[in-house]
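Visitor: Mind looking over this structure? Questions follow.
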Amino acid sequence: MMPEATSYIEISRSAIANNMAFIRNMIGEHVQLSLVVKGNAYGHGIETYCPLAYEAGARHFSTFDAREAWQLQQSLPAGHQAVIMIMGMIEHHDLPWAVEEGIEFFVFEWGRLEAALVAAKKTGRAAKIHVEVETGMHRTGFEQEELKRVFRFIKAHAAYLHLRGVCTHLAGAESIANYKRITDQQKRFKKIKAWVESLGFSPSPAFHMASSAATIRYPRTRLDMVRVGIMQYGFFPTEEIWVHYLSKQKSYENPLQRVISWKSRVMDIKDVKTGEFIGYGNSFFTNKPTRIAIVPVGYGYGYSRSLSNRGKVLIGQIRLDVVGTVNMNMIAVDVTPLDKVQKGQEVVLIGKQGTQEITVASLGDYSRLLNYELLVRLPHSIPRRVVD
Ligand SMILES: *Cc1c(COP(=O)(O)O)cnc(C)c1O
């Protein structure tokens, strides 16, 4: 028997299906959808999230590293039809494994290109590669001057190197402040695309550059495939992109649904007299008789200490204050406004209860953390449960 965890993360099957249908509908049937599941599927948990996305029709996944690709592979049904693509780190000694398994990967430097050929010869199968090109992000990607040599090399070893894609990444399509930089990148990539097409690779590689923000804000960047991360989990990348999306709509309804919820339970209840400090130190002082509920989550479970005296939770469909400091394993919640509170009662840390909702963004309080960071910080160790 496995003892209970102190909190659970719920993953909504219907929200995943809703978000995928929204994205699919937006991009149309001729653009492929790759779901970006790096960062443990943006904190949702690869093992839980990816099989549900597969069930909802996902057939292309992008990870950052080889470990994630391996985890993803384990989580999908045997004989699955999905393409797995590694966009970032894979050690040379793991390349034969990737080639053997038919896992695709980005190549952005000469060493990996040569190692891919070695791995392909060793396994007797072709490596499926995506050449990443530099267009202005200045992170990873072959420089323009190198491209002739790169594609000549791929052509010369066509039996072992299958060119599946040519791609680049935009340096911040979620903000209009980057408009010039982004449109310059698009122009450069367009030229590279035309030139690669003239080289006559058959079948033609897929050209891809768009993330969630670009998919919405710059529809021309969708090309053959979009690599969508944050949107599939129910979030617009930034407020700016949300407003841009709304400006083109007739209604103000959010078409996306949050996939994740985080819930715990009341562990203990205590009545405190007027004029006492609560918890460690002196950060919260009662100026009235106060009823406190203790909830077994804290910074050790990813509930940030910066939410001390600031966080909000839902109990009994009421929004309540976290009082005192967030401890490693516990928080205290002022439940005085509730008529009734019981041990074991549900506590919502992220998600809905009745008509109230705690958003992921609100966990970032004043620090203006992005949804991206808040999500990936949710510890892997909190059990994930599938709900409808
Ligand atoms: C993270 C990432 C994406 C997805 O970005 P979102 O903003 O979450 O849609 C796409 N491509 C690359 C290369 C990435 O690293």
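The values are calculated or read from the model by the stated rules, or taken from the named source; none is laboratory data. Model, not experiment: these values are computed from the prediction. Backbone-built Cβ (ideal geometry, glycine too); neighbour counts: all protein chains shown.
Visitor: Quick check on my filter: what residues within segment 315-374 are among the small types (G, A, S), on the phi < 0 side of the Ramachandran plot and crowded, with 20+ Cβ neighbours inside 10 Å?
Guide: A332
Visitor: Let me confirm something: among S14, S34, S62, which residue is in a helix (DSSP H, G or I), of a type in the set (S, T, Y) and in contact (Cβ under 8 Å) with a residue 24 or more places away in the chain?
Guide: S14
Visitor: Does G234 count as more than 10 Å from the ligand (Cβ to nearest atom) and in contact (Cβ under 8 Å) with a residue 24 or more places away in the chain?
Guide: Yes; evaluated as a whole, the condition is true for this residue.
Visitor: Identify the residue in segment 217-231 that is part of a helix (DSSP H, G or I) and over 17 Å from the mean Cα position of the chain (by Cα) and, among all such residues, is farthest from the ligand (Cβ to nearest atom).
Guide: R220
Visitor: Could you check, for segment 103-112, whether at least one of its residues is at positive phi and outside any helix (DSSP H, G or I)?
Guide: No, the conditions are met nowhere in segment 103-112.
Visitor: Right, here's the next one. Kindly indicate whether any position in segment 151-166 is within 16 Å of the ligand (Cβ to nearest atom) and among the small types (G, A, S).
Guide: Scanning segment 151-166, I find at least one residue that is within 16 Å of the ligand (Cβ to nearest atom) and among the small types (G, A, S), so the answer is yes.
Visitor: Out of all the residues in segment 268-290, which are β-branched (V, I, T) and in a loop (DSSP other than H, G, I, E, B)?
Guide: T274, I278, T286
Each row is one residue, and each column tells you yes or no for (1) of a type outside the set (K, R); (2) touching a helix residue (DSSP H, G or I) at 6+ places or on another chain (Cβ under 6 Å).
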residue: A159; (1), (2): yes, no
residue: I176; (1), (2): yes, no
residue: A210; (1), (2): yes, yes
residue: R227; (1), (2): no, no
residue: M231; (1), (2): yes, yes
residue: P237; (1), (2): yes, yes
residue: K248; (1), (2): no, no
residue: E253; (1), (2): yes, no
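Visitor: Across segment 39-61, what is the total count of residues that are within 19 Å of K128 (Cβ to Cβ), within 14 Å of the ligand (Cβ to nearest atom) and touching a helix residue (DSSP H, G or I) at 6+ places or on another chain (Cβ under 7 Å)?
Guide: Residues meeting the conditions: 1.
Visitor: Let me ask something else about it. Looking at A177, A210 in this structure, which one is more than 30 Å from V347 (Cα to Cα) and in contact (Cβ under 8 Å) with a residue 12 or more places away in the chain?
Guide: A210
Visitor: Quick check on this structure: which one of R310, R265, R305 is assigned by TED's automatic domain parsing to the domain that holds K352, of a type in the set (D, E, K, R) and free of Cβ contacts under 8 Å to residues at least 40 places away in the same chain?
Guide: The conditions single out R305.
Visitor: Answer yes or no as to whether R291 is within 27 Å of the chain's Cα centre (by Cα) and basic (K, R).
Guide: no
Visitor: Residues being of a type in the set (A, V, I, L, M) and within 13 Å of the ligand (Cβ to nearest atom): count how many of those fall in segment 167-181.
Guide: Qualifying residue count for the region: 3.
Visitor: Inspect all residues belonging to segment 191-199 and state whether any of them is within 16 Å of the ligand (Cβ to nearest atom), out of contact with any Phe, Trp or Tyr (no Cβ under 6 Å at 6 or more places or on another chain) and either among the hydroxyl-bearing types (S, T, Y) or not in a strand (DSSP E or B) (or both).
Guide: Within segment 191-199 (the criterion being within 16 Å of the ligand (Cβ to nearest atom), out of contact with any Phe, Trp or Tyr (no Cβ under 6 Å at 6 or more places or on another chain) and either among the hydroxyl-bearing types (S, T, Y) or not in a strand (DSSP E or B) (or both)), the answer is no, since none of the residues qualifies.
Visitor: Here's a follow-up. Can you find a residue that is assigned to a helix (DSSP H, G or I), small (G, A, S) and more than 24 Å from S202 (Cβ to Cβ) anywhere in segment 134-154?
Guide: No; the residues of segment 134-154 include none that is assigned to a helix (DSSP H, G or I), small (G, A, S) and more than 24 Å from S202 (Cβ to Cβ).
Visitor: Quick one: what pairs do we get from segment 373-388, first residue more than 12 Å from W262 (Cα to Cα), second surrounded by 16 or more Cβ atoms within 10 Å (Cβ to Cβ) and modelled with pLDDT under 95, C-beta under 7 Å, 6+ apart or different chains?
Guide: Listed pairs, sorted by first residue: L374/V360; L374/L363; L374/G364; R377/G302.
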